[in-house]
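Chemist: Dropping the structure in here first, questions after.
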Amino acid sequence: MTPRPTRLVLLGHPVAHSLSPTFQNAALQAAGIPLTYEAHDVASHDLAAVLRALTHEGAAGNVTAPHKAAVAACCARLTPIAQRVGAVNTFWVEDGALVGDNTDVEGFHNAVVQLRGAAPAHATVAVLGAGGAAGAAVAAIAGWEGCTARVWNRTAERARALCARFPGVAIVVDSAIDAVAGAALVVHATTVGVAQDAMPIDPSLLPRGADVMDLVYRPGETLWVRAARDRGHRAADGLPMLIEQGALAFERWFGQVPNRAAMWAAMWAAVGR
Ligand code: NAP
């Protein structure tokens with residue numbers, strides 16, 4: 001059995017902007033667990049030493065950009081899904097060894113189900129981006145019956161590397177327009193729109209009836225999500241996935257389901273929605 005973590009940390013660089021401490025601490029408080037979830041800004045050259053110290057302490061936590069792949073390489077054991085994605089967003093210590101998991105995949109799946117009522121089946125899904133978040137999306141799509149992913153990325157080589165890990169499911173296309181053509185669901189997984197009102201693709205190019213899942217989040221939602229909704233698309237930003245991956249991580253650490261209402265309430269208070 002996994003012992004209860006002695007500490008909970010979020011490792012990233014930068015990490016001060018993260019909303020995870022806000023909703024994880026709300027979940028801890030609601031569950032009466034006397035721990036505080038803390039964000040730690042860790043530079044890449046310090047990561048291995050920090051992980052060794054956390055393993056020794058029996059800590060657990062989450063990982064965000066840019067460390068997800070590097071943490072996967074440092075773990076003594078990976079869950080099958082973390083191995084498939086090649087990235088860790090959740091870790092804990094078991095029998096003195098670091099275990100890495102990936103709850104982004106199921107978090108993404110849950111967010112899509114919240115948006116549409118069910119995961120797509122026998123459909124084409126457009127994925128814009130080929131980084132860690134896109135990888136989690138493609139891993140989820142691989143589990144959806146009869147679905148294929150059309151992946152476009154600014155750097156084509158990265159899209160090719162991602163699709164090579166999911167043969168028969170994901171194919172590289174030459175443009176964002178090619179990716180979205182005929183798609184039932186359009187997933188945006190680049191950093192466009194994080195810091196400014198930019199859009200990954202003109203909403204007028206979205207197929208009629210396509211659902212829109214933007215993994216980016218910012219106060220007041222992203223411009224792209226608002227514009228897509230104005231055109232009649234069902235659309236969600238990255239907050240549902242963020243909460244879901246965090247709730248699933250909480251379950252891994254404590255073996256109990258967190259209070260999602262408390263997590264959302266803390267999130268709304270923080271982002272002013
Ligand atoms: P990442 O691994 O660093 O990948 C970044 C992606 O953005 C790559 O596809 C990159 O393309 C693309 N990109 C960066 N700048 C661009 C630009 N100016 N124009 C076009 N494409 C650009 O990051 P990640 O972890 O996948 O995160 C991607 C996004 O998803 C971020 O906004 C992050 O906040 C979000 N995210 C959300 C959740 C959630 O729970 N909602 C979870 C994870 C990530 P190149 O390969 O060409 O550089």
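Chemist: Counting just the residues of region 118-142 that are more than 16 Å from the ligand (Cβ to nearest atom) and part of a loop (DSSP other than H, G, I, E, B), which one comes out farthest from the chain's Cα centre (by Cα)?
Modeler: Checking each candidate, the answer is His122.
Chemist: If the requirement is being in a loop (DSSP other than H, G, I, E, B), within 15 Å of the ligand (Cβ to nearest atom) and touching a residue at least 40 places away in the same chain (Cβ under 8 Å), which of these qualifies: Val88, Val15, Val71?
Modeler: Exactly one of Val88, Val15, Val71 is in a loop (DSSP other than H, G, I, E, B), within 15 Å of the ligand (Cβ to nearest atom) and touching a residue at least 40 places away in the same chain (Cβ under 8 Å), namely Val15.
Chemist: Being closer than 21 Å to Pro207 by Cα and either part of a helix (DSSP H, G or I) or in contact with a Cys (Cβ under 6 Å, 6 or more places away or on another chain) (or both) is true for just one of Val105, Val113, Val186. Which residue is that?
Modeler: Just one listed residue meets the conditions, Val113.
Chemist: Look at region 223-242 and say how many of its residues are surrounded by 24 or more Cβ atoms within 10 Å (Cβ to Cβ) and either in a strand (DSSP E or B) or at pLDDT below 95 (or both).
Modeler: Going through region 223-242 one residue at a time, the tally reaches 1.
Chemist: Looking only at region 181-217, which residues are open to solvent by less than 20 Å² (accessible area, probe 1.4 Å) and either within 15 Å of the ligand (Cβ to nearest atom) or not assigned by TED's automatic domain parsing to the domain that holds Pro120 (or both)?
Modeler: Val186, Val187, His188, Ala189, Gly193, Ile201, Val212, Met213, Asp214, Val216
Chemist: Can we say Ser20 is hydroxyl-bearing (Ser, Thr, Tyr) and crowded, with 19+ Cβ neighbours inside 10 Å?
Modeler: yes
Chemist: Here's something else I'd like to know. Have a look at Trp253, Trp224 and point out the one that is more than 17 Å from the chain's Cα centre (by Cα) and within 14 Å of the ligand (Cβ to nearest atom).
Modeler: Trp224
Chemist: Is region 254-263 home to any residue that is open to solvent by less than 20 Å² (accessible area, probe 1.4 Å) and either outside any helix (DSSP H, G or I) or at pLDDT below 95 (or both)? Give the steps one after another, and end with the answer.
Modeler: The first filter runs over region 254-263 and keeps only residues open to solvent by less than 20 Å² (accessible area, probe 1.4 Å), leaving 258, 263.
Those left that are additionally either outside any helix (DSSP H, G or I) or at pLDDT below 95 (or both): 258.
Yes, some residue in region 254-263 is open to solvent by less than 20 Å² (accessible area, probe 1.4 Å) and either outside any helix (DSSP H, G or I) or at pLDDT below 95 (or both).
The values are calculated or read from the model by the stated rules, or taken from the named source; none is laboratory data. It should be emphasised that the depicted structure is a prediction, and the values quoted were computed from it without experimental measurement. Backbone-built Cβ (ideal geometry, glycine too); neighbour counts: all protein chains shown. Calculation scope for accessible area: heavy atoms of the full protein, side chains included, ligands and nucleic acids excluded. Shrake-Rupley method; radii C 1.70, N 1.55, O 1.52, S 1.80 Å.
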